1. Rounded if a/c is under 1.5, else prolate if a/b is larger than b/c, else oblate: which is segment 109-252, with a ≥ b ≥ c the root eigenvalues of its Cα gyration tensor?
2. Return the long-range amide H neighbours of Tyr278 (sequence gap of 5 or more, or a different chain), with a cut-off of under 5 Å between placed amide H atoms.
3. Obtain the nm distance between the two label points defined at Arg588 and Trp468 by a simple spin-label model: each point lies 7 Å from its Cα along the Cα-to-C-beta direction.
4. Sum -39500 (n - 2.57) across every DSSP H segment of at least 4 residues in the chain, then divide by the residue count to get the 222 nm mean residue ellipticity, nearest 500.
5. Could you calculate the contour length gain from Asp108 to Ala419, that is, 0.36 nm times the residue separation minus the distance between their Cα atoms, to one decimal place in nm?
6. Roughly speaking, what is the centre-to-centre gap between segment 529-606 and segment 354-377 when only Cα atoms are used, to the nearest Å?
7. What ranking of Tyr348, Tyr497 comes out by heavy-atom accessible area, probe 1.4 Å, highest first?
8. Need one value: the accessible area of Glu96 in square angstrom, 1.4 angstrom probe, rounded to the nearest 10.
Amino acid sequence: MNNDLQAHSEKESIQCSESRPAGWLSRKDLLIGGLASMLGSCFSGGASGSVAAAAANSTVLGPNVFVFDPGMSAADIQKTVTGIYKKMEANQFGSERYALLFKPGKYDVAFSVGFYTHVAGLGISPHDVQINGGVNVNAHWSDGSALDNFWRTLENFTIIPSSSIPYQTIQGITRIAISQGAPLRRLHVKGDLQLFDWTHTAGAGYASGGFLADSIVDGKVVPASQQQWLSRNSTWGGWQNAVWNMVFVGCENTPGNTFPNPPYTVVSQTPVIREKPYLHIDNSGKYAVFVPALQSNVQGATWANGHTPGASVSLDKFYIAHPSSTDAAKLNAALAAGKHLLFTPGIYKLNETLRITHPNTIVFGLGIPSLMPVSGQAAIAVADVDGVTISGMIIDAGQKKSPVLLEVGPAGSKSDHAANPVFLYDLTARTGGPMAGRNDTGVVINSSHVVADNIWIWRADHGEGVGWTVNPTQTGLIVNGSHVTIYGLFNEHHEKYQTLWKGNGGRVYMYQSEMPYDVPGQSEWMSGHTDGFASYKVADNVISHEAWGVGVYCYFRDASVTANSAIEAPAAPGVKFHHLTTIWLNGRHRSEIRHIINDSGGAASFGQHRQTLTQFPMQQG
């Protein structure tokens, strides 16, 4: 989703509790242009701070990682974080990356978070780091529209918004206006949390998120214009509204399971999860990575009633990668020797595949690093082993076509990993945007029992190197393994199926997908004799599969084309879909998604923008 596309819907009304000139907000049916102006303000270089702040980026983690101490001057810290934000506010496809880390203590600062910026507390609990002032994400750079507010991370701290500091419109509110690729984890928000920003005309700017996990909000969550959202293992004082597809898994104090009006989907417990590993400072003052324990059938935040269960891994067991001095050969040598990997902020161009062969290997991205294969190979390949975790990075397609960007398990993998699954967290597989890239598939999962927790597989619709023949991808995700679970699957704009699921026992909790904008014509977009490609394809031989909260959207910008259905799935008793929606965002007058699933559900088109279906098979209650 981008600012060039303002979602075209049926004018759902959203009432917000703020004191604003417009008490009721409407989603408008329009397009706005101006992508060039959005991308025009890009910056480079490092932040300039005081002596204390300068000392913050002199650690083993490199110059783009700032480690703040509560004994440092608050003014110095404020100057540093503000300087970084000014560089990164509109830097959507820039090469700069930053991590802002806070040692345990209290900080009297207030700042906003821009692109490619990772803000994290270094305590063992979110309560160990308190930001008294505010940490916010606004969308001023695009007049309140957060449709492009991607690629940033906030985790493991408490936000106490100051009532004396105004944030855009009112005082004492935390505003985090984001879309895909911007996870919120292990946050304690004191007061209300708003997931949108205001336009200059006092309307709610568009937003297309999002992901919240293992968090507590004392007040009310106000999505306002957020089109869809996944919350997992979190709790809040109240939840304000829904637009198209709000999904809650393992959360407390949720709204009712009322889809489609309002479009809430509630799953009471999370069936299997290991929370994302995080960096912290141990009792001896040394860095370590905490790996939370595997849990099943759980509800609520892991730290609500004590410390998160799990164990720490000392940083001396990691190979610390720096973009200026690390190449694929060094990384593979470290992996072969049994080391974990910690990528510091930057861009890593890889001339060979990183091969993870040891069980329980941790691959940890700090500051949202980018990995790019440059020799037509996969960036990462994981052997069919237990317990690997990969988190917090972008995998960018290179100019030489790769068959796949991330492969989990080789073809034909058969091992049972139920007791110790592989986990993927906060990953973006990206083709185009910063530059032209090419790959056949973004992610292939061949191993069984893999769990993905917030993954976005994106063929760019804007930026550099964008076009039907310029950044081609066939499919975003192919799942061959059995019993694969995904919480938050965002998969967009690929030229054939977005998702192709061939393994049995799969589960998806919240699916957001846009079909490609730039289909040149119907004859170029046929699946055999069928018009177009479904976004979500479950293979004909699959006998068990289940999904909750599935949204598929279209904006056929360049041709009047039809997709026969958003989802294709076999009519097997074990194949079940719950709470489905299709949206015609905008596009050519005769374009449409004809059905929701197979031949069921009405057409999403110019005449009827939104369609819903409560269950598939339809006879189920």
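1. rounded
2. Amide H neighbours of Tyr278, under 5 Å, 5+ apart: Phe290.
3. 0.9 nm
4. -1500 deg cm²/dmol
5. Separation in residues times 0.36 nm, less the Cα-Cα distance, equals 107.6 nm.
6. First find each Cα centre; the distance between them is then 33 Å.
7. So, going from the largest accessible area down, we get Tyr497, Tyr348.
8. About 30 Å², rounded to the nearest 10.
The values are calculated or read from the model by the stated rules, or taken from the named source; none is laboratory data. Quantities reported herein were computed from a predicted structural model and do not represent experimental measurements. Neighbour counts run over all protein chains shown; Cβ positions are idealised from the backbone, glycine included. Quick note on the areas: whole protein, heavy atoms, side chains included, nothing else; ligands and nucleic acids left out. Shrake-Rupley method; radii C 1.70, N 1.55, O 1.52, S 1.80 Å.
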